[in-house]
Amino acid sequence: MAVSSGQEANQKLDQRRLEALAETLTSDAGVALGCALVAVGDRLGIYKALAASGPSDPETLAANMKLSERMMREWLLNQASCNYISYDAEAKKYFMTPEQAAVLADENHASFLGGAFQFATALIKAEERISQVFRTGRGMRWGEHHEDLFGGLSRFSRPIYTHKLCDVFIPAVEGLAEKLEAGALVADIGCGHGFSTMLMAERFTSSRFIGFDNHPRSVAEATRVAAERGLQERVRFELADATSFPARGYDVIAFFNCMHDVGHASECAAHCLKALKPDGRVFMVEPNAGDHAEDNFNAAGRLFTGSSVLCCTPHGMVDGGAALGTVVTDARFESIFRAAGFKHFHRVMATRFNRVLEARP
């Protein structure tokens, strides 16, 4: 909630507003606990089992899954109180609506959010370390987080990329799909587990792709999966950061929800200009953050700003980086790329959660 001036904060307490705020905070504390329990249900496969079985009581569901009935009873009660699952009071059974199943049980659905809770609980585990970052300003590297961050973020991003990257985002950029169909050399910077890289490779079979990431375990996982999919002839993954990846004359350099993590963004943009062909382009998908503080006072803003404090900004502070953080305006990105020598920069399109940006020499 925004206030019009600092004076309002010093006025006498309004009891109704105080109670409303306390109610909100109490609810949010419960949501935080529910978040951890979503991660538990996701990890154990309870949502998938409940969605498949239909209405079930704790005893039957626990027996079928060979889990503790006592723990299952409490978990179901909590998840129903959060409205993440449903309860039939007359039959005394729990079930999932089609909408609940889509979001929590179906990893192939465009709205699946299980990965969001996996990476969110991973970030919460870093809160003690992040408190030290406030005191020291020395940052915290991406690779120092709990292991669930990497897999969770990959799973969170997968529905977005599966349903939008090749069918919405790429076609929106003038000439990009045609370039990829004709055969291009593409660098995917900050590729993580490489899902975006492999998705493009499977669609655009005349192009070659190199995914770069500074996290060794992610590079190893991406390499393994690419081999499983038979993509190793056109896709490979290398360990490198955003300012030192090999300059090989790329047609496209892509950043998928990671340019804001780059600590030395100005150096990165300059390196991209050197690494591109004269007619190449930088293609970015970024969180759709607001231009003004109050534009972020919403559900998406809570996700973006929370991730920024717990992960993106601390990573960007390492080695004296500028730390853009997750909430970056178009104007800030444009100033970085134009200062590096790019002559063209614009926003291509936006959805509720993402925006597509392009820079050209």
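The values are calculated or read from the model by the stated rules, or taken from the named source; none is laboratory data. What you are looking at is a predicted structure, and each value in this text was computed from that prediction instead of being measured. Methodologically, a virtual Cβ is constructed for each residue, glycine included, from the backbone with ideal geometry; neighbour enumeration extends over all protein chains shown.
Anything in the stretch 220-232 that is of a type outside the set (S, T, N, Q) and either without any contact (Cβ under 8 Å) to a residue 24 or more places away in the chain or touching a His at 6+ places or on another chain (Cβ under 9 Å) (or both)? List them, or say none. Within the stretch 220-232, ALA220, GLU221, ALA222, ARG224, VAL225, ALA227, GLU228, GLY230 qualify.
Just one of the listed residues (ALA254, ALA187, ALA247) is part of a loop (DSSP other than H, G, I, E, B) and among the hydrophobic types (A, V, I, L, M, F, W, C), namely ALA247. How about the stretch 125-146: which of its residues are in contact (Cβ under 8 Å) with a residue 40 or more places away in the chain and surrounded by fewer than 16 Cβ atoms within 10 Å (Cβ to Cβ)? Selection gives GLU127, GLY137, ARG138, ARG141, GLY143. Name every residue in the stretch 225-243 that is under 21 Å from the mean Cα position of the chain (by Cα), of a type in the set (A, V, I, L, M) and in a loop (DSSP other than H, G, I, E, B), in order of residue number. Hits for the stretch 225-243 are ALA240, ALA242. Answer with yes or no whether ALA101 is modelled with pLDDT of 95 or more, farther than 27 Å from THR162 by Cβ and surrounded by 11 or more Cβ atoms within 10 Å (Cβ to Cβ). So ALA101 fails the test. Looking across the stretch 60-71, just one residue is touching a residue at least 12 places away in the same chain (Cβ under 8 Å) and within 16 Å of TYR87 (Cα to Cα), and that is LEU61. The lone criterion from (1) of a type in the set (Ser, Thr, Tyr); (2) outside any helix (DSSP H, G or I); (3) touching a strand residue (DSSP E or B) at 6+ places or on another chain (Cβ under 6 Å) left unmet by SER196 is number (2). For first residues located in the stretch 288-305 and touching a residue at least 40 places away in the same chain (Cβ under 8 Å) and more than 20 Å from LEU123 (Cα to Cα), partners that are surrounded by 13 or more Cβ atoms within 10 Å (Cβ to Cβ) and of a type in the set (Phe, Trp, Tyr) and lie 6+ apart or on another chain with Cβ distances below 9 Å form the pairs ASN288/PHE304; ASN288/PHE353. Filtering the stretch 36-73 to residues that are assigned to a helix (DSSP H, G or I), surrounded by 13 or more Cβ atoms within 10 Å (Cβ to Cβ) and among the acidic types (Asp, Glu) leaves ASP42, GLU69.
Taking HIS264 as the residue in question, decide whether it is closer than 23 Å to THR243 by Cβ, surrounded by 17 or more Cβ atoms within 10 Å (Cβ to Cβ) and without any contact (Cβ under 8 Å) to a residue 40 or more places away in the chain. No, not satisfied.
For the stretch 48-60, indicate whether the set of residues that are under 25 Å from the mean Cα position of the chain (by Cα), within 23 Å of GLY115 (Cβ to Cβ) and of a type outside the set (Lys, Arg) is non-empty. No: the stretch 48-60 contains no residue that is under 25 Å from the mean Cα position of the chain (by Cα), within 23 Å of GLY115 (Cβ to Cβ) and of a type outside the set (Lys, Arg).
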